[in-house]
Amino acid sequence: MTRFPALFLALVWGADLAAQTLNMPSNARLRREVQSPIDSFAMPIGPWADGAVQTITAEGNQSRQAWQISAAGLTTLQLIRPLRDQLRNAGFDVLFECQDQACGGFDFRFAIPIFPPPEMRVNLGDYRYLAAQNDGAIVSILVSRTTDAGFVQVTQIGGEQVQPSTTDAPLRGQDPATAATDLGGTLMQTGRVVLSDLAFETGSSQLGEGPFQSLQDLADFLAASPDLRIALVGHTDASGSLDGNITLSKRRAGSVRERLVANYNVDRTKLDAQGIGYLAPIAPNLTPEGRTANRRVEAIITTTR
């Protein structure tokens, strides 16, 4: 068991660490905060493996905060990088860092304590996690996003709890129009991109006639990057059974692959097609608009060959 004595922890987003305050951008809102007296806590410091998540036991005062940042087009890297940098500048060592599937996907997310929606929303296909410590405290950060907001949960063990505040500067996402013209840049920066102009009807794996600019942009990117391989990952809304939706989502990804090969002369060996059904929504399935957003195909950089 590792014990962490009290420490005044400073987490600063875009501000001077000397201020020793927990600052979020001006478009962030604290959705929920829970503070607990001294107790022990099993902090995750490894991925889901062999039926469990590796943890380290910390002791001290506990604080959990859930933040919502209202901005469209945010990426999980954009959400977590400022906090990670500030932790390092404050003398923290990163113990573990991972991204969705590398963390363990569904299993990791549901093995760790996370506030439930609506305070904290976790897209199972797009979240990041890190844990860091110094001589006096241990902290974890989990971030995820929807189409119109980012979500951040900060868990602190040890250290004097600070009153959160916001700065004058908002955090802005990438403009959707700009993202559409810079598909390759988004892929290289984040490792993934939604092919947002594709059209599928509910229950159908048939890709519309098009033309689709995202497929042309992806084909151009692959032609200029001969060593990269791409996984096309299909997603559905929550209508119907999970097994049926996984099959449907894989067929949708396969339809996109066939279109890229047939119409855009993309080498088939550079493309994989998979589907995960409704397990990674980017919007609520309670509205027609949300269900439409969830019926999508993403391109993900997998390997070099």
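Worth pointing out:
- Note on segment 17-166: with charges restricted to the Cβ of Lys and Arg (+1) and Asp and Glu (-1), its dipole about the Cα centre is near 460 debye.
- Modelled FRET efficiency - R0 25 Å, Ser225 with Arg268, Cβ distances, 0.05 increments: 0.95
- Length released on extending from Asp148 to Ala111, taking residue separation times 0.36 nm less the Cα-Cα span: 10.7 nm
- Taking a point 7 Å out from the Cα of Glu209 in the direction of its Cβ, the residues of segment 241-257 whose backbone N falls within less than 19 Å of it are 256.
- Here Met188 and Leu242 are evaluated by their C-beta separation; at R0 = 25 Å the FRET efficiency comes out at 0.15.
- The phi-based Karplus calculation (6.51 cos²θ - 1.76 cosθ + 1.60; θ = phi - 60°) puts the 3J(HN,Hα) values of segment 246-254 at 5, 4, 4, 5, 5, 5, 5, 4, x Hz, whole numbers, x for Gly and Pro.
- The gain in end-to-end length when the Asp50 to Ile38 segment is fully stretched comes to 1.3 nm, 0.36 nm per residue minus the alpha carbon separation.
Rule-based calculations on the coordinates, nothing more; no lab input. Quick caveat, the model's predicted, so the values are computed rather than measured. Ideal geometry is used to build each Cβ from the backbone, glycine not excepted, and the neighbour counts take in all protein chains shown.
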